[in-house]
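Down below is the structure, laid out as structure tokens.
The values are calculated or read from the model by the stated rules, or taken from the named source; none is laboratory data. Model, not experiment: these values are computed from the prediction. Cβ coordinates were reconstructed from backbone atoms using ideal geometry, including for glycine residues, and neighbour counts include every protein chain displayed.
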Amino acid sequence: MLDFIKEKTDSWEFLRNTELPVFIYGMGDGAEKILRVFEMYSIPVAGFFASDEFVRGHSFKGHLVHSLSQIEALIDEFVIVLAFGAGYESLYRRIEDMARRHILIAPDVPVVGDGLFTYGYCLENADKIQRVYDLLADDMSRKTFADVINFRISGKTEYLTSCTAERSEIFGRIMKFGADEVYIDMGAYNGDTVAEFAQMASYRHIYAVEPDTKNFRKLTKNCGEMENVTLVNAAAYSEDTELVFDDLSGRNSRIDNGENKKTRSVKAVRGDSLTEHATLIKMDVEGAERDAIEGCRQSLINGSQLICALYHRTDDIFELPLMIHDIAPDLKLYMRHLLYIPAWETNLYCVR
């Protein structure tokens, strides 16, 4: 069982045991989360650095923020810990170049919730992880699953590079659209995925669901004039109700976790209550995927296909596929990872 897991040493254990100085690349929320784990593991930090264009002589956590070239001029060997997401080509290649010259670790911390994806955690959930591996529909899905898990244990970015897929492969071979699609976009953000779908498919109607106030204004500006599109200022959920919501703007808005003071009441809707005829549902709802899936239960049973994010919570990568399979066992499950460090663009594509 779990023969595909090659990494046995967690990134945190490696960082605790290394004799090299550890520098964190980046600041902000990602660095804050990593520092909390560093404190748990008693991992010392030698300093912080930022991309050259962001170095302005400022400090972070009592350390003067340097550029990489400044650190390289003083120290020959050190470990880089990546503390932010890289999802565009030029930055991704810059990080790859750093990884060729230095040891670079991108430790896995959950976007939402608690828990660390360690080797011990994999062993605790071995039956579920093996079950998902066996359910996946093709070799590339199984490779992606294995590579992402090995990355999340070790923080080694070469695993993500090895399994990165092209959108053209996903939306040309796996996802195929008919001539009369009814699409629900849950977590529509500013309308980027609505526009992408409208370019690829002939559709009868699109329902775009977005709870965040600023995002919804952008969604309205970008998609409000499109024909046969209904914009819904609400959160995707398991029932039609009202929820307390963290109105953080951007892609970080989510159902309230008790940590943020900038909250408001927001309408919540089930996908099943929007339409009985959805042919495709996409979910990227910042950790509320379980509730969103439950709210689309009947649509999935009736024949809807699904695209679902697998990277917000520690256990999403195995719990969500199992939940979907239990609801609609006829769905074929494909997994792909798009260009991103860490594994924030790992998605499940559920097709018939």
Going by the conditions given, is Gly115 in contact (Cβ under 8 Å) with a residue 24 or more places away in the chain and in a loop (DSSP other than H, G, I, E, B)?
-> yes
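Can you report the number of residues in the stretch 33-68 which are over 30 Å from Gly113 (Cα atoms) and in a helix (DSSP H, G or I)?
Kept after step one, since they are over 30 Å from Gly113 (Cα atoms), are these residues of the stretch 33-68: 52-53, 55-58, 64, 66-68.
Then drop every residue that is not in a helix (DSSP H, G or I), which leaves 52-53, 68.
Qualifying residue count for the region: 3.
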Within the stretch 329-340, the count of residues that are surrounded by fewer than 22 Cβ atoms within 10 Å (Cβ to Cβ) and not in a strand (DSSP E or B) comes to 5
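Which ones in the stretch 341-352 are among the aliphatic types (A, V, I, L, M) and buried (at least 22 other Cβ atoms within 10 Å of the Cβ)? Can you show your working first?
Of all residues in the stretch 341-352, those among the aliphatic types (A, V, I, L, M) come to 341, 343, 348, 351.
If the condition is that a residue be among the aliphatic types (A, V, I, L, M) and buried (at least 22 other Cβ atoms within 10 Å of the Cβ), then Ile341, Ala343, Leu348 are the ones that fit.
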When Val148 is run through (1) of a type outside the set (D, E, K, R); (2) touching a helix residue (DSSP H, G or I) at 6+ places or on another chain (Cβ under 9 Å); (3) not in a helix (DSSP H, G or I), the failure sits at (3)
Which pairs have Cβ atoms under 9 Å, sit 6 or more apart or on different chains, and link a residue in the stretch 232-247 that is outside the structural domain of Ile206 (by TED's automatic domain parsing) and part of a loop (DSSP other than H, G, I, E, B) to one that is among the charged types (D, E, K, R) and surrounded by 18 or more Cβ atoms within 10 Å (Cβ to Cβ)?
-> none
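Any idea which of Glu39, Glu7, Glu77 is farther than 21 Å from Thr157 by Cα and of a type outside the set (Phe, Trp, Tyr)? Working first, answer last.
Working: Glu7 fails: farther than 21 Å from Thr157 by Cα; Glu77 fails: farther than 21 Å from Thr157 by Cα.
Matching residue, one of Glu39, Glu7, Glu77: Glu39.
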Which one of Leu243, Leu274 is more than 22 Å from the chain's Cα centre (by Cα) and at pLDDT 95 or above?
-> Leu274
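Tally the residues that are assigned to a loop (DSSP other than H, G, I, E, B) and within 21 Å of the chain's Cα centre (by Cα), restricting the search to the stretch 209-231. Show your work before the answer.
Residues of the stretch 209-231 that are assigned to a loop (DSSP other than H, G, I, E, B), as a first pass: 210-212, 224-228.
Checking which are within 21 Å of the chain's Cα centre (by Cα) leaves us with 210-212.
Total satisfying the criteria: 3.
Test Glu158 against the criterion of being surrounded by fewer than 19 Cβ atoms within 10 Å (Cβ to Cβ), of a type outside the set (A, V, I, L, M) and either more than 21 Å from Ala292 (Cβ to Cβ) or within 22 Å of the chain's Cα centre (by Cα) (or both), and give yes or no. Talk me through it step by step, then tell me what you get.
Numbers: surrounded by fewer than 19 Cβ atoms within 10 Å (Cβ to Cβ): yes; of a type outside the set (A, V, I, L, M): yes; either more than 21 Å from Ala292 (Cβ to Cβ) or within 22 Å of the chain's Cα centre (by Cα) (or both): yes.
Answer is yes for this residue.
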Output yes when any residue across the stretch 92-111 is in contact with a Gly (Cβ under 8 Å, 6 or more places away or on another chain), of a type in the set (D, E, K, R) and not in a helix (DSSP H, G or I), and no when none is.
-> yes
Under 6 Å by Cβ, and 6 or more places apart or on different chains, what pairs join a residue from the stretch 152-181 that is assigned by TED's automatic domain parsing to the domain that holds Arg94 and over 12 Å from Arg336 (Cα atoms) with one that is aromatic (Phe, Trp, Tyr) and surrounded by 15 or more Cβ atoms within 10 Å (Cβ to Cβ)?
-> Arg152/Phe117; Ile153/Tyr119; Tyr159/Phe151
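Sort through Ile71, Ile129 and tell me the only one that's among the β-branched types (Val, Ile, Thr), surrounded by fewer than 21 Cβ atoms within 10 Å (Cβ to Cβ) and part of a helix (DSSP H, G or I). Explain how you work it out, then say what you get.
Values: Ile129 fails: surrounded by fewer than 21 Cβ atoms within 10 Å (Cβ to Cβ).
Within the list Ile71, Ile129, the selection yields Ile71.
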The one condition Glu227 fails out of (1) at pLDDT below 95; (2) surrounded by fewer than 16 Cβ atoms within 10 Å (Cβ to Cβ) is (1)
Evaluate the stretch 144-151: report whether one residue or more is modelled with pLDDT of 95 or more, in contact with a Cys (Cβ under 6 Å, 6 or more places away or on another chain), surrounded by 15 or more Cβ atoms within 10 Å (Cβ to Cβ) and of a type outside the set (Ser, Thr, Tyr).
-> yes
Taking into account only those residues within the stretch 152-204 that are assigned to a loop (DSSP other than H, G, I, E, B) and of a type in the set (A, V, I, L, M), which is modelled with the lowest pLDDT?
-> Ala179
